[in-house]
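Worksheet: the structure to be examined is printed underneath.
The values are calculated or read from the model by the stated rules, or taken from the named source; none is laboratory data. What you are looking at is a predicted structure, and each value in this text was computed from that prediction instead of being measured. Surface accessibility is based on the protein's heavy atoms, side chains included, excluding ligands, DNA and RNA. Shrake-Rupley method; radii C 1.70, N 1.55, O 1.52, S 1.80 Å.
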Amino acid sequence: MLRRVLLFFILVLLASCRGEDTGEMPANVKHFELQKSSFSALKNWQGEEIGSFGKALKDVCAVMEKKTQKKVKSSYFEYSLSAYQGHCRKMAALSGKDLKSYIERSFVPYAVVVNGSADGKFTSYYEAELKASFERGGKYQFPIYGKPNDLVEINLRDFDAKLPNQRLVGRVKDGKLIKYYTRKEVDAGKLDAPVILWGDDPVDIYIMQIQGAAVATLPDGRQIRVGYADNNGHRFRGIGSILLEKGLIKRGDASMPKIREWLKGNGESAKKNMLLNDRYIFHKIVEADGPLGAMGLPLIAGRSLAVDKDYIPLGSMMWLETTGPDNILLNKLVMAEDVGGAIKGGVRGDYFWGHGEEAFDCAGRMNSKGRYFILLPKNAEVKVYD
């Protein structure tokens, strides 16, 4: 009986929990490969100056050293955790050129190749900004919700090891688990959740939900960080795709800065179209040096990368080769320490630009081809699954 109930949950809820809809489906993976390379083959390796990468690496290493499992795994390969942990302890004492030299001596770069191609898609994200107050009043009329009191989360595999390792979100009604409220239902006032802040602009709140986090400026000038707490489990539909499909913007105007400009200038029409995205993000106030990624660590501008953890294990050291807006070369060391519902695929990354309007402009315009390499310890016992 339990198995039938859980399988019913799959049919009812799985489609709404698969991740964000980017308008394109990832190619079926027929072949996954890690192609051994060398540091001399990496573009601009000699020019890499480490900089803030050292901080990102040490933050991640502090988390990795506490793990007790034997292997670091994705769905396609694994390597020994103990080898990585041993290097982490040594790298913690190094910086700059010394750290770079140690990486070059102790690690091997492997190009990630899916279906015979090392090329993939790289976008970027940033930490949003908004104005908000703890009290409702004046221009502060738009709620920023915390995690709902009635939101229920289950994982099918917790009940049966043969079922998918899948997170499902819903609420209980009449003793049954049903889908959680959509964005339209939240907007209609059906939500049972605390209001953590009141914002002055629904578009800024919407953009914060897309990015996952923001810096909120309070009426007295103080700034606080608002982080991701949870989501309603529904499928994401990008506002750019919605506006393009309806012919409300031209393809050349589909960058986030242009989309924000359109939303702020089109009142009720903007609201109706934003409501077409069923996914809703809930937030919390956090104390951190930056927005928190999937590893619970502050993201570092230019050094943190969101990946698809089905392919790339979180905590992995990566070499990125792509371009930003205006053909800015991004050939550099990054840490895979975040995820995103729209970040799906073997060679797929979301580059964190940082905070503020300049970061917003760069993040909103980046959509580039590129590739990356995973850096694995020489003694890591790497195994790619057949």
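So here's what we get for this one:
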| quantity | calculated |
| --- | --- |
| Between region 350-379 and region 202-263, the Cα center-to-center distance that results, in Å | 19 |
| Whole-number D in µm²/s for region 63-135 (Stokes-Einstein; Kirkwood sum over Cα pairs; 37 °C, 0.692 mPa s) | 200 |
| Cα-Cα over 32 Å, subset of Lys55/Lys309; Lys43/Lys344; Lys67/Lys369; Lys176/Lys246; Lys90/Lys131 | Lys67/Lys369; Lys176/Lys246; Lys90/Lys131 |
| Rounded accessible area per residue of the chain, 1.4 Å, Å² | 48 |
| Alpha-carbon Rg with Dmax, taken over the chain, Å | 21.5, 63 |
| Carbon + sulfur, % of accessible area of region 57-191 - ligands and nucleic acids excluded, 1.4 Å | 46 |
| Over region 214-330: Kirkwood hydrodynamic radius from C-alpha pairwise inverse distances, Å | 17.4 |
| Rel. contact order, % - alpha carbon contacts under 8 angstrom, at least six apart, region 276-386 | 29 |
| Kirkwood estimate for region 28-176, i.e. one over the average of 1/r between Cα atoms, Å | 20.8 |
| Residue among Pro143, Pro202, Pro325 with the largest mean-square fluctuation in a Gaussian network model of the chain, springs linking Cα atoms under 10 Å | Pro325 |
